[in-house]
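Values in this text are rule-based calculations from the coordinates and carry no lab data. Every value quoted in this text rests on a predicted model; they were computed, and no experiment measured them. Ideal geometry is used to build each Cβ from the backbone, glycine not excepted, and the neighbour counts take in all protein chains shown.
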Amino acid sequence: MDTRTLLTTDLAALIHPLHHPADHQAPVVFVSGQGAVLRDADGHEYLDGLSSLWNVNAGHGRTELAEAAAAQMRNLAFASAYTGYTNPPAIRLAERLLRVAYPNLSGVYFTTAGAESNETAFKIVRYFWRRQGRPGKTKVISRIHGYHGVTMAAMSATGIPSFHTMFQPVVPGFTHVVPSYPYRYPGSGAAALEEAIMREGPDTVAAFIAEPVIGAGGVIPPTPDYFPAVREICDRHHVLFIADEIITGFGRTGRWFALDHWGVQPDLVTFAKGVTSAYLPLGGVMVSRRVHEAIVQAPMSERFMHAATYSGHPTCCAVGLANLDIFEREQLVERGAAMGARLQQKAQSLRPLPIVGDVRGLGLMCGIELVADKATKAPALQVGGKILGEARRRGLITRIRTGQAGAHPIGDTICLAPPLVVSEAQIDRMIEILRESITAVA
Ligand SMILES: Cc1ncc(COP(=O)(O)O)c(C=O)c1O
């Protein structure tokens, strides 16, 4: 099919994530990529400002990941990993992940996506409390502006109202609290968690879930005291702490996993995206020794009846292993830290622009929040999309958090999270393109 036929067929047949035809009249048809650069069907090149969907951490064009997949497929593309069966890539990847993750973690369950990882974590925390003889602990507290995916329970944990509007009602037992968001909320924010636990009743709360740095919700890093306080509050009220590291894992913030910045260890970690640098779908949940024991020491009548066909998929796990080889060989986590420092420093130069309210981030995650009025911080709405259009014309593709007014305002926020292999020159170019694009629209 030529490009025109592809596009007509797309409009006729394909339903896209977040679909709306008004936003899909001239979609970019991506055909290839190399490093931090994407190419479209017309031969145009773009800097990949968001590692596509915060996931192509090792960059595009890694033929060795294709080879790892092909080699595994030739031997054994797939086999059941249901209890009683297993395969070498799944075993080796589980062992390898536990080596780079928090030291209190001891078990891994594999999924194939971020939302499925969070759904699994919500079931594991229910399971854990039932195994402890506390079946009343089922509620999950999450955060306003947090993004945890959009399957039913994950959507209910997601704290961005536009994802709920047409899919009400949300699952019962999900409550949201304000996050640590220094630009808009004073204080560290951890007190809001404790208030919610007390309001709901500690005997009913199973878990608190948070992204170490809010990603799709507008790149919002916490104050340094926030997660240590969260850990202490969770411990005191017997609430499990789930770290959603689906974006922040695998070097994105300059560490393997981001809570490491604040010396905090969660009870569960959900991951996806960077584990394979997006070459194949893979995700999972890592659990602490205590949670792991609840599963492996259960009587038959209380066995862990959770499953998915593709849990432990050998080909996806083989690609995960090859991806970790690249990380180690090229020291991509360290590289993420170095390029992250460059990104944070360069991005600050956008602060003086008229509609820029806040510039924030950690490592290779950066958010540029737009405001209608710098003094009142009134959110700028419906300008982010125009800026994305200008940026795209200048050779940069990225995404925005669409802003909102109301009780929890946030301006349209331009997000940047390039691949860990991005060069200094490419970072500088991204910031220059954004400077021109913001100026053109402002
Ligand atoms: C922090 C976080 N959690 C969960 C998800 C959901 O992952 P998926 O889209 O693979 O279901 C995402 C996706 O962007 C995410 O950023």
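So which of Lys139/Lys377; Lys137/Lys273; Lys123/Lys273 end up more than 27 Å apart by C-alpha?
Beyond 27 Å between Cα atoms: Lys139/Lys377; Lys137/Lys273.
Can you put Cys316, Cys366, Cys234 in order, fewest other beta carbons within 10 Å first?
Ascending number of Cβ neighbours within 10 Å: Cys234, Cys316, Cys366.
Can you return the aspartates and glutamates within cross-link range of Lys386? Criterion is Cα-Cα under 15 Å, with same-chain partners fewer than 8 residues away left out.
Asp23, Glu369, Asp412, Glu436
Sticking with the crude label model, points 7 Å out along Cα→Cβ, report the distance from Glu330 to Ala26 in nm, one decimal please.
3.3 nm
Ordered by residue, what ³J(HN,Hα) values in Hz, to whole numbers, does region 379-388 give under the Karplus form 6.51 cos²θ - 1.76 cosθ + 1.60, where θ = phi - 60° and Gly and Pro are x?
x, 7, 10, 6, 10, x, x, 5, 5, 4
Hey, what do the phi angles of region 291-296 turn into as Karplus ³J(HN,Hα) couplings, whole Hz, using 6.51/-1.76/1.60 and θ = phi - 60°, x for Gly and Pro?
Ordered by residue, 3J(HN,Hα) equals 6, 4, 4, 4, 7, 7 Hz.
Describe numerically, in nm with one decimal, the distance between label points set 7 Å from Cα along Cα→Cβ at Ala407 and at Met73.
Distance between the two pseudo-spin positions: 4.9 nm.
Given the options His24, His164, His237, which has the most mean-square fluctuation in a GNM of the chain, springs set between C-alpha atoms less than 10 angstrom apart?
Its mean-square fluctuation being the largest, the pick is His24.
Count the net charge of all other residues whose Cβ sits under 11 Å from the Cβ of Ile141, scoring Lys and Arg as +1 and Asp and Glu as -1.
Local charge sum for Ile141: 0.
Compute the separation of the alpha-carbon centres of region 379-442 and region 212-236 and state it in Å as a whole number.
Between the Cα centre of region 379-442 and that of region 212-236, the gap is 24 Å.
Given a Förster distance of 25 Å, report the FRET efficiency between Arg134 and Arg289 from their Cβ-Cβ distance, rounded to the nearest 0.05. Could you put the intermediate results ahead of the total?
On the way: r = 19 Å, r/R0 = 0.75.
Efficiency, rounded to the nearest 0.05: 0.85.
Using a cut-off of 14 Å between beta-carbons, work out the net charge of the residues near Arg39 (Lys and Arg +1, Asp and Glu -1, Arg39 not included).
Around Arg39, the charge tally is -3.
Using DSSP, restrict attention to beta bridges with both residues in region 64-330 and report what percent are antiparallel, rounded to the nearest 5.
45 percent
If amide H atoms are built 1.01 Å from N in the plane of the peptide, which residues on other chains or at least 5 residues away come under 5 Å of the amide H of Asp244?
Ala210, Glu211, Thr270
Which whole-Hz ³J(HN,Hα) couplings does region 431-442 yield from phi under the Karplus relation 6.51 cos²θ - 1.76 cosθ + 1.60, θ = phi - 60°, glycine and proline marked x?
Listing the rounded values in order: 5, 5, 4, 5, 4, 5, 6, 5, 4, 4, 7, 4 Hz.
If you take the Cα atoms of region 272-389, find Rg, then find the Kirkwood Rh from the mean of 1/r over all pairs, what is Rg/Rh?
1.16
Between Ala338 and Arg199, what length in nm is gained on full extension when 0.36 nm per residue of separation is reduced by their alpha carbon distance?
45.7 nm
In whole percent, what relative contact order does the chain give with Cα contacts below 8 Å and a gap of six or more residues?
It comes to 20 percent, rounded to a whole number.
Need the full-extension length gain, Phe304 to Thr5, defined as separation in residues times 0.36 nm minus the C-alpha distance. One decimal, nm.
Computed gain between Phe304 and Thr5 is 102.8 nm.
Two decimals is fine: what's Rg over Rh for the chain, C-alpha atoms, Kirkwood radius as Rh?
0.96
Given the options Leu14, Leu332, Leu420, state which has the largest fluctuation in a GNM of the chain using a 10 Å cut-off (strictly under) for Cα springs.
Leu14
Choose one answer from Leu18, Leu97, Leu47: the residue with the largest mean-square fluctuation in a GNM of the chain with alpha-carbon springs under 10 Å.
In this elastic network of the chain, the residue with the biggest mean-square fluctuation among Leu18, Leu97, Leu47 is Leu18.
Return the distance in nm (one decimal) between the two label points of a simple spin-label model at Gln348 and Arg99, each offset 7 Å from Cα along Cα→Cβ.
If labels sit at Gln348 and Arg99, their model points lie 3.7 nm apart.
Ignoring everything except DSSP H segments at least 4 long, calculate the 222 nm mean residue ellipticity for the chain; use -39,500 (n - 2.57) per segment, divide by total residues, nearest 500.
Estimated from H runs of four or more residues: -11000 deg cm²/dmol.
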